[in-house]
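Encoded as structure tokens, the structure appears first; notes follow it.
The values are calculated or read from the model by the stated rules, or taken from the named source; none is laboratory data. This one's a predicted model, so the numbers in the text were calculated from it and none came from an experiment. Cβ sites come from the backbone with ideal geometry, for glycine too, and all protein chains shown count toward neighbours.
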Amino acid sequence: MSIALIFSLSLFISITLVPFFMKHAVTLGLVDLPDGIRKIHNQVIPRSGGIAIVIATLTPVFIIARLSPELNGLVIGAVIITIFGLLDDRFDLNYKWKFIGQILAILVFILTFGDINKVPFFLENQIPLWLQYVFLFVFMLGATNAVNLSDGLDGLAAGTMLLSISLIAYLAYDSNIFPIVASAMALFGSLIGFLRYNTHPARVFMGDTGSQFIGFVTAALAVCLTQNTETAISPILPLLILGLPILDTIMVMSIRIYKGRSPFSPDKNHIHHQLIKIGFVHYQVVAIIYLIQIFLISVTYLCRYQSDISILGIYILFSATFLITLYFIRSNNWQFRNDKESPGFVERRNPVFRKLSWIHVHSAYLIGTSLAICWFLLTIGNYNWDGTIRWLSVAVLVLSFLAGLIVPKQPLLSIRIATYGVSVLALYPYWIGATNSFLSDELINLLLLAIGLLLIVSIRVTRREDFNLDNRDILVLVLLLAGAILPVATNHQLDFSTMLIRISVLLYAIEYLMNKKTKHTVILYIPSVISLFVLAFA
């Protein structure tokens with residue numbers, strides 16, 4: 001099974017299950033109450049998203065990925081840490097119980113991991129084997145808690161770990177290590193689906209279930225990647241891959257100890273809290289941290305084959321520069337002026353676009369019709385794919401119908417399942433060259449370009465309450481740019497970046513119509529179902 005289908009299945013499960021668990025969060029006792037001290041939100045929000053992330057990640061791994069021995073231990077450890085995370089979210093456990101769960105999960109991973117093949121600074125013959133495993137244990141424990149503690153704003157932990165896991169997936173792909181690529185892309189898809197509901201203002205949190213899970217899995221995959229004998233990647237590279245949450249945790253605990261408090265006591269000294277004190281608002285803080293993480297991930301990629309001492313020096317230099325800059329800004333009481341938050345701020349849009357008011361009125365018709373035409377053209381013709389696409393199309397149809405029967409008061413869920421499913425499945429055969437359709441790549445690109453331009457103009461003349469770009473779009477843009485820049489060797493007819501751009505255009509168009517919330521959104525369901533039938537039975 002291809003990596004693209006692993007990602008698609010994970011994304012599909014995540015984006016379907018997150019709203020389901022949101023609806024039943026109260027019944028499950030998984031809600032996050034504002035405390036007025038450390039938490040930013042001021043209303044009750046479900047914290048059941050972590051369950052969807054876990055299921056969406058592990059299901060493709062169980063079904064599709066050929067697990068190597070160390071990944072078997074990773075899965076078992078992930079299940080253990082999920083159980084303790086759920087108990088914590090439900091009963092607000094003491095941090096000691098969280099540590100017990102983390103320790104058990106890490107021990108299972110280490111005991112099934114096998115031999116440590118690489119030790120930093122060429123110390124293999126200078127330190128005993130048991131001490132090497134102690135170092136591995138300390139890193140895993142620290143990284144898991146670092147991600148858990150960094151989950152303080154909408155989309156923060158999920159977005160930063162999405163960037164980290166994307167680098168792990170690419171480095172594993174470049175080294176042809178399929179189990180790691182498969183597992184990383186499964187987590188990647190689940191996080192994208194979760195961010196659909198977690199971007200500010202968040203409608204759901206991942207809770208300790210999700211934050212500990214993604215921290216543990218990301219750290220474990222980073223270790224598996226760097227310890228693999230097929231790669232020449234430095235064994236200290238995970239320090240950079242998870243560098244930002246680790247730095248945040250070290251800074252916060254140092255401040256607490258300096259003030260004579262427990263290093264595990266809650267406060268508002270995290271990086272995101274510091275940026276809020278400077279004057280940035282919620283979404284700006286998340287965007288800034290995303291950009292910092294993008295910079296650090298870029299440095300990690302460029303330095304992946306450098307010496308251990310060089311990578312450690314780069315991380316120390318980055319950390320020192322960041323902390324000194326933050327201290328200088330805070331000590332001089334600099335305040336960022338946010339004009340958008342001032343009472344007199346008036347949003348101004350391009351007057352040329354404002355004159356195209358008819359697009360604002362008819363955009364749902366135009367984009368909906370364009371999507372229907374695109375699906376029909378993509379699905380008709382003579383396809384030479386294997387049975388996987390057919391069975392997945394049937395599965396999407398069944399799930400869409402079941403969603404309509406089970407939750408008839410939430411028609412958007414059924415519509416989203418069908419439209420998302422047909423968009424990915426209809427494009428996939430063109431990526432792998434498994435079709436003899438009359439459509440050429442040039443015609444497909446021209447059609448999607450027309451939809452993209454129409455979507456851009458529609459967004460520019462749309463009122464802010466109808467559709468608004470947010471921090472997710474930073475991640476999308478980065479992934480598209482990375483897909484275009486990074487060398488991705490593939491036997492497919494199209495490169496990876498082209499596939500990403502095509503899918504992004506269709507999914508953005510669908511989301512635009514979902515946000516319009518008009519009768520035209522419901523009408524969109526009919527052509528998507530017809531197209532799925534063509535994919536399944538033609």
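Applying a threshold of 7 Å to beta carbon distances and a minimum spacing of six or more residues, or different chains, the list of pairs starting in the range 409-421 at a residue that is in contact (Cβ under 8 Å) with a residue 12 or more places away in the chain and not assigned by TED's automatic domain parsing to the domain that holds Val18 and ending at one that is outside any helix (DSSP H, G or I) and acidic (Asp, Glu) is empty. Put simply, of Phe295, Phe328, Phe318 the only residue that is of a type outside the set (Val, Ile, Thr) and buried (at least 16 other Cβ atoms within 10 Å of the Cβ) is Phe318. Applying the condition of being touching a Phe, Trp or Tyr at 6+ places or on another chain (Cβ under 8 Å) and at pLDDT below 90 to the range 76-97 and asking which residue is surrounded by the most Cβ atoms within 10 Å (Cβ to Cβ) yields Leu93. Among the residues of this structure, Val223 does not count as one that is out of contact with any Ser or Thr (no Cβ under 6 Å at 6 or more places or on another chain) and over 22 Å from Leu141 (Cα atoms).
Out of all the residues in the range 185-199, is one or more in contact (Cβ under 8 Å) with a residue 60 or more places away in the chain, surrounded by fewer than 23 Cβ atoms within 10 Å (Cβ to Cβ), of a type outside the set (D, E, K, R) and within 25 Å of Val44 (Cβ to Cβ)? The answer is yes, given that some residue of the range 185-199 is in contact (Cβ under 8 Å) with a residue 60 or more places away in the chain, surrounded by fewer than 23 Cβ atoms within 10 Å (Cβ to Cβ), of a type outside the set (D, E, K, R) and within 25 Å of Val44 (Cβ to Cβ). Only residues that are at pLDDT 85 or above and among the acidic types (Asp, Glu) were counted in the range 319-339, giving 0. Where helices (runs of 4 or more DSSP H) sit wholly within the range 207-267, those with at least 1 residues that are within 24 Å of the chain's Cα centre (by Cα) and farther than 28 Å from Arg304 by Cβ occupy 207-227.
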